[in-house]
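K.L.:
Below: one structure in structure tokens.
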Amino acid sequence: MKAGLNDGVYPPIVANFPHILHGGDYNPDQWLKQKDTIWKEDMRLARLAGINSLSVGIFAWTALESAEGEYHFEWLDEVMDMLAKNGIVAVLATPSGARPAWMSQRYPEVLRVNRKRTRNLHGARHNHCLSSPVYREKVRLINTKLAERYKDHPALGVWHISNEYGGECHCPLCQERFREYLKKKYGSIEALNEAWWTGFWSHTYTDWSQVESPSPIGEESTHGLNLDWMRFTTEQFRDFYLWEIAPLRQFTPKIPCTTNLMGTYPGIDYFRLAEVLDIASWDSYPQWTGTAEDIALGVEFSFRHDLTRSLKKRPFMLMESSPSATNWRPVTKLHRPNVHMLQSMQALAHGSDTVQYFQFRKGRGSSEKFHGAVVDHEGTENTRVFADVKAVGERLRGLDGLVGAATPSRAAIIYDWNVRWILDDIKGLLQAKHGYEKTVIEHYSCFWQMGIPVDIIDSKQSLEGYDLVVAPMLYMIRDGVAEAIETFVKKGGTFVATYITGYTDENDLCFTGGFPGPLKEILGIWCEEIDSLYPRDRNSINWKNKKYEVYDFCELIHSRGAEVPASYGSDFYSGRPALTVNSYGKGKAWFIAARTGLDFLQDFYRDRAKDCGLKPALDTVLPRGVTAQIRSTGKKDYIFVMNFSPEKQNVDAGNLGKKTLEAYETWIIERQENS
Ligand code: GLA
Ligand code: ZN
């Protein structure tokens, strides 16, 4: 295998613990009264299941501080000691994901205010204002106590900051911070007016104090405002995260910190947040169906794993997954045989060094009592799900060698939160039905089916080291991005762009002088208009003597030097360019002008992979629904051959062997380099 961008071996997530972590969310605080029986049994069952890590304290604030300043760490001391005794790593959480009632009651400013400007009541979780000085101080205090107390504890392995950061707050304190953010960014109200194009509908601001966050009872049509609000919200979480980890860094500078992300959750630009994480981690909940639909679902979740890995370009943590039913899905279908193993191996295949669950033991009450868990209400190891978990534990024991292995990807696909936000907001172009994420995943799926590893990056990430960069629907060209693409192509890279590319700049102001703005020259084209089609409409493109249907979007482009290998088949733009390629410097820049089906994309990317010399994990054509993903230590490759279809599939891996994979089966091939 060709040397990759990030070839080699990364240190294990937990220092001196060179094993894949296996475990998950553990809530002994919900069983304080039964601790003598339940906790003991938990440890027996954990050992039996091959569990070596448990996440504790995630929502334990009231158990730790029952009234203001009244701390109770004895129970957590006992839990930490018990974990250490059983050889289990503690993924120790800061408890800010949910808050004690006494705090909301005494300090209502800690409660969030929603878009309509009403303050929430106490309850739920993630329901706190990130600007509130009171909330910040309370978090600082409890985090400091935790860090001070457990800094030398042998069980402490990873800090789990809060839980699934998300949402937003529109209270007066947040409005003030938002204005401060804007002042710093724009310097003058005139510059803000210009960036937000506020002459429109007389929305010009004459004083900073007039600026308010977006609201359905106020301003929601100023796209620049909406965009900056999302960026500000991201900064709020980033800043809050840094606030949370400050005391942890002080007492435990060597313990890595992470916060569990949610894949492509739209509310936070994870690329920006990830800059301050030591390790990326995420919670993955595919809703498996037991039908051929699981193939597309497999692709989607592979994409999210790859995205999470690409945030830090090193092994990540699968922080949560369900060993069985996911209670908040509309249908809580059980995992079919092999599925639990498959979803666990899938995470490893894409770069996770952990398999963790929500949850270890099912609680008896409240809204997650029917969520899948390692230990069911029945309480013993004699369940199908327990056996599934145990089987994963056994397999992981044999995979110590995988710890830290890199993903040797030479191709990258761009997925950018800024583009997502602005397309979600757009008026025109099929409105909210733009299908940005779906489109990115469709392009991704071609690589998945070929078994070619890819990184998922945002438009600001470095392009260095890649041979192929694909940027579906790169509507917004942020500052510096066109230059980076230019350098990349000039040096010999292959770049692929599509319809809806290069319409606006960093502030969502349309480029004048023709789309795709600063990419016109690189792509050698000019896009004059775009046709949005009704769902029943079809056009076609003819390429290499084959006709492919196109739908949704047809961009009407002119070549300005690019070759035109394919053109439209019908309508008033019949015969006009639909696919172009421009030689630029030592590289090539492709433009796909219309939304095609997978048939076209698969044929197209098979050619690009060949031109770019991208090597698949296995040198074979994989049956539909089967992928092969590679991780490599440089000396040894681990090839995960995974069947996401509910049917048997035959895989011929040449001199590495042949195998009939059962429905949902995973085959791991270990290959020595140069063998
Ligand atoms: C999320 C949360 C967990 C739990 C699970 C249930 O991922 O982080 O606390 O609610 O969902 O699927
Ligand atoms: Zn607030």
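The values are calculated or read from the model by the stated rules, or taken from the named source; none is laboratory data. Predicted model, so just to flag it, every value in this text is computed and none were measured. Ideal geometry is used to build each Cβ from the backbone, glycine not excepted, and the neighbour counts take in all protein chains shown. The protein model used for the area step is the full one, side chains on, heavy atoms only, and it has no ligands, DNA or RNA in it. Shrake-Rupley method; radii C 1.70, N 1.55, O 1.52, S 1.80 Å.
K.L.:
Quick one: is V419 within 30 Å of R536 (Cα to Cα) and open to solvent by less than 50 Å² (accessible area, probe 1.4 Å)?
P.N.:
yes
K.L.:
Contact list please: Cβ distance under 6 Å, first residue in segment 380-401 and in contact (Cβ under 8 Å) with a residue 40 or more places away in the chain, second residue part of a helix (DSSP H, G or I) and of a type outside the set (A, V, I, L, M), pairs at least six apart or on different chains.
P.N.:
D388/H340; V392/S344
K.L.:
Another one. From Y150, Y186, Y205, grab the single residue that is away from ligand 2 (no atom under 16 Å from the Cβ) and in contact with a strand residue (DSSP E or B) (Cβ under 6 Å, 6 or more places away or on another chain).
P.N.:
The match here is Y150.
K.L.:
Go through (1) of a type outside the set (G, A, S); (2) closer than 28 Å to V621 by Cβ; (3) open to solvent by less than 10 Å² (accessible area, probe 1.4 Å); (4) within 20 Å of the chain's Cα centre (by Cα) for L474 and report which single condition fails.
P.N.:
(2)
K.L.:
Taking only segment 20-68 into account, find how many residues are of a type in the set (F, W, Y) and within 16 Å of ligand 1 (Cβ to nearest atom).
P.N.:
3
K.L.:
Can you pull out the residues in segment 197-242 that are open to solvent by less than 10 Å² (accessible area, probe 1.4 Å), closer than 20 Å to S132 by Cα and not aromatic (F, W, Y)?
P.N.:
Selection gives V211, S213, P214, T233, T234.
Here's the yes/no breakdown for (1) hydrophobic (A, V, I, L, M, F, W, C); (2) open to solvent by less than 30 Å² (accessible area, probe 1.4 Å); (3) within 27 Å of L533 (Cβ to Cβ):
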| residue | (1), (2), (3) |
| --- | --- |
| A411 | yes, yes, no |
| L423 | yes, yes, yes |
| V440 | yes, yes, yes |
| D458 | no, yes, no |
| Q461 | no, no, no |
| G493 | no, yes, no |
| Y499 | no, yes, yes |
| G502 | no, yes, yes |
| T512 | no, no, yes |
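K.L.:
Kindly state which strands (runs of 3 or more DSSP E) lie completely within segment 564-615 and contain at least 2 residues that are aliphatic (A, V, I, L, M) and surrounded by 23 or more Cβ atoms within 10 Å (Cβ to Cβ).
P.N.:
577-584, 587-592
K.L.:
Just one of the numbered conditions (1) without any contact (Cβ under 8 Å) to a residue 60 or more places away in the chain; (2) crowded, with 18+ Cβ neighbours inside 10 Å; (3) not β-branched (V, I, T) is not true of S645; which one?
P.N.:
(1)
K.L.:
Filtering segment 370-379 down to residues that are in contact (Cβ under 8 Å) with a residue 12 or more places away in the chain and open to solvent by 20 Å² or more (accessible area, probe 1.4 Å), which residue is farthest from the chain's Cα centre (by Cα)?
P.N.:
H377
K.L.:
Also: What are the pairs with Cβ atoms under 8 angstrom where one residue, in segment 266-277, is in contact (Cβ under 8 Å) with a residue 40 or more places away in the chain and closer than 14 Å to F240 by Cα and the other, located anywhere, is part of a loop (DSSP other than H, G, I, E, B) and not small (G, A, S)? Sequence gap at least six, or different chains.
P.N.:
From residues that are in contact (Cβ under 8 Å) with a residue 40 or more places away in the chain and closer than 14 Å to F240 by Cα, the pairs are I268/Y165; L273/Y165; L273/T259.
K.L.:
Would you be able to say whether some residue in segment 76-92 is of a type in the set (V, I, T), within 16 Å of ligand 1 (Cβ to nearest atom) and under 30 Å from G398 (Cα atoms)?
P.N.:
Looking through segment 76-92, at least one residue is of a type in the set (V, I, T), within 16 Å of ligand 1 (Cβ to nearest atom) and under 30 Å from G398 (Cα atoms).
K.L.:
Go through segment 316-361 and count every residue that is over 30 Å from P11 (Cβ atoms) and open to solvent by 30 Å² or more (accessible area, probe 1.4 Å).
P.N.:
So the count comes out to 11.
K.L.:
A further question follows. Of all residues being open to solvent by less than 10 Å² (accessible area, probe 1.4 Å) and within 19 Å of F604 (Cα to Cα) in segment 541-561, which is nearest to the chain's Cα centre (by Cα)? Just the residue, please.
P.N.:
Checking each candidate, the answer is F553.
K.L.:
Restricting to segment 99-129, count the residues that are surrounded by 20 or more Cβ atoms within 10 Å (Cβ to Cβ) and within 16 Å of ligand 1 (Cβ to nearest atom).
P.N.:
2
K.L.:
Being within 12 Å of the chain's Cα centre (by Cα) and more than 16 Å from ligand 1 (Cβ to nearest atom) is true for just one of F251, F303, F232, F240. Which residue is that?
P.N.:
Of F251, F303, F232, F240, the one residue that is within 12 Å of the chain's Cα centre (by Cα) and more than 16 Å from ligand 1 (Cβ to nearest atom) is F303.
K.L.:
Give segment 322-336 a look and list any residue that's of a type in the set (A, V, I, L, M) and under 15 Å from S367 (Cα atoms), or say none.
P.N.:
Correct list: A325 only.
K.L.:
Out of the helices (runs of 4 or more DSSP H) lying entirely within segment 413-504, which hold 1 or more residues that are within 24 Å of S302 (Cβ to Cβ)?
P.N.:
Those helices (runs of 4 or more DSSP H) span 417-425, 436-450.
K.L.:
Restricting segment 254-287 to residues that are open to solvent by 20 Å² or more (accessible area, probe 1.4 Å) and aliphatic (A, V, I, L, M), which is farthest from G157 (Cα to Cα)?
P.N.:
M262
K.L.:
Please determine, by comparing only the residues of segment 176-188 that are touching a residue at least 24 places away in the same chain (Cβ under 8 Å) and open to solvent by 10 Å² or more (accessible area, probe 1.4 Å), which one is nearest to ligand 1 (Cβ to nearest atom).
P.N.:
This residue is R177.
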